[in-house]
Structures are given as structure tokens and as C-alpha cells.
Amino acid sequence: MLVRSCSLILCCAIAAAGWSLDLFGNDDLGRTAGRDSRAELGPPARLATLYDADVDRAVTQGLQFLAREQQDDGSWIDKVGRKVYNSYDGRIAKHVGVTALAGIAFLSSGATPGGGPGVYKSRTGRDIHGHEIVEKALSYVISRTSPTGFITDNGSRMYSHAFAALFLAEAYGMGYDQGGRLQDALRRSIRMIETSQNPDGGWRYRPQAIDADMSITVCQVMALRAARNAGIGVSKEVIDKAVQYVRRSFLPGVGAFMYQIGSDFRSVPSRYSFALTAAGVTTLYGAGEYNAVRIINPAIRYLWVNRPHVSEARDHFDYYYGQYYAVQALFQKGGEDWRRWYEDYIKPDLLKLQESDGSWNDLVGSRYATAMATIILQFPNQYLPITEN
């Protein structure tokens, strides 16, 4: 199924060059802090050797599940809600964030707007190409972009907005624009992210919130990075403030990132976790902070020691979120860390977790978990600009 697309590889290569030379409009910063320090970390192992027939089969089945679950308007449904203690509360409805992630899962397979491999069975039983699935998903996401730039449906919040903006940016960077509608929606969504940054440099559940947290902040930074790569102007001041927020969230003695800064209770810092630490490392890499080794290296060690067990996946809401960012963090770290993480840990665990119908499951829902799992498993393909080192 996964036949390489020359045009997409070229697009990825161009975008990757943009990341290393001019991350957010500062050529000198990119050339010194990006390229030079990245060489110190070392490149990943040859990725093609990590992607095998078992993964290909699992991904194909997962994408077929998603194709069958796509609604007529291009959306996917799942639980739209929020974390409540250790559970996830919400209602099943059309989900902007899940739709974006499912669209990214198909982009990760080499399906691009207008072409690419993959033929699946739709919910009506007819054959549908991967690029048709992507185009329908884009139309839905664009239709849910408000005049203010907030992408939302059924009460979804900033998590979903960031994933939706990321999806638009990846598609736009591949030369797809739907008559200017995609560029317009993308520009407005990015401006909304910029204007919603709080004074500390982070983001929260709602636009223009007073406080912020790490889990939502990383989503916004990755959307900004993807938009910049696609040629959309992004404020360097916004990125600088975000980097400072992330750095202040790090706990040196622990090697982890906190949920929130400035929320200590009786000198005890805010909670920290595997998912938050994966998000923190990915944010620093996404902002071009490749030389922040005093933070990144102990954080990578924390991820190794505290990686979730496969038994936690189905009954938690943050397993796939954490693994989604962890695979990006370890990929950027490169070398033996990356090879071991993918080959010896996350790949076998995800293959064990797949259901007989091709899906994966957690407390948010099967469409969400399947989109996340297929994106993670397809990282070695490097079809998306976001998966370039």
C-alpha cells in the first residue's frame, strides 16, 4: 500500500530545510542553534529498516477502519469532552480534533490532497481513495473555522483547534488550497493562536485564557511550526515567549515537565508525567532549541524510566497523546535512543493493542486512538514535514 511519492518527498525535503535554516523568521538563529547543535545529537538510524510487513499490515487495517468510520461531511465522531480526575467525560459527536488527526494519519501513508496511494471501503461500501478521504476531512475542518479563526465544533477546545491548524498547515504545505479557502482558514487559525497566548507564554483550554498548561502549549507550538514551514508568517516574539514558558516548566531534579508553572501548593510543584515531559521535549525541538541538552537529556532519561505499560492504553485518556509526542521527541533525539524506542518498545506494544477490526481504543474513543496509533507507527516513512529530522 505504502508506495513512496516523489512529489511528497520533495515537499518534505524543502520543508525540512526551512526548519533548520529559518524556523520562525530568524535565519541567524536557525543556522547556529538549529543545524550545528543538531549535528551534536546525531541523526536517527535509517528509518526504512524500522518499518516492516507487520507494521504495514496493521496500518492498512487501521486506515481501513478510519475510512469506514468517516462521516458523509468528512468528519469523524468521538467523545468531545475533557479530563475529569483520572477519567474522561464528554459526549459522542463530530470531533474537529479527531478529524484532523485522522486526516494526518492518511497524509502519513503518502495520500496527499489530489493524489497518492491507498484505496479503501467507505461507510457505504464503495471504493474511496486516500486522497478523497483527506479532501473531505479538509472541507469539514475549513467549514468549522469561525471568523475569529477558532476551529471548533460541538464545544471542542484548544487541543482540537491546534490539531486542526496542524492538519491545514500540512495540507497547505503540499500545495493544496481549495481555491484559497484553505490558506484563509489557516491564516486565521494561526492568528488566533498568536493572540491567545497568555502573558506567561503558554496556552489553555479556551482562547484568551489567563492561565496556561504544558499539554495544550505543545499543540499550539507544533501548529505554529507547521504553518511557518508552509510559508505562513509566525511571530518570533510568540515563539520566544513559548520557549521561556516551557523552560520554566522543567523540574531539574526530576527531569520532568510540570503541568503548570506558578501553581505550587505548600512548596509542592504542579504534577508532572510522562505525557507532559514528552510534550515539553517536543516543544523545545519544535521551536529549534536543539542545544538545550541540559533539559532535553535528563527529560529523555525520564521518558525511558517512566514509559507507560501496554496495559494502561485502553483504560486511560492520555496514553496515545503521550506516545504521539514521545515518538517525536525520541525521533529528534536520534541514534540508538530512537531505534530502541520504536523497534523495541512502541512498535510491539501498538501491534499488541490493535483490535480485530483494525482499530485501537481508549477512553476518548476508537477513532481518536486509531488515528494516533497509525500516525505513530508510520513515523519511519517520513512522509510528513513534521516527521523530518
Members of K241/K333; K241/K352; K94/K333; K79/K136 lying beyond 32 Å, as alpha-carbon distances in this model show: K241/K352; K94/K333
Taking K94, K333, K352 and counting other C-beta atoms within 10 Å, the order from fewest to most: K352, K94, K333
Ranking of T370, T152 by count of other Cβ atoms within 10 Å, fewest first: T152, T370
Length added when fully stretched, E237-N306, from 0.36 nm per residue minus Cα-Cα: 21.5 nm
Sorted by Cβ density within 10 Å, fewest first, the residues S108, S139: S139, S108
Where labels lie 7 Å past Cα in the beta-carbon direction, separation of D315 and R126 in nm: 4.4 nm
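Just so you know, all these numbers are worked out from the coordinates, no wet-lab data involved. Keep in mind the model is a prediction, meaning the values are calculated, not measured. Virtual Cβ from ideal backbone geometry, glycine too; neighbours counted across all protein chains shown.
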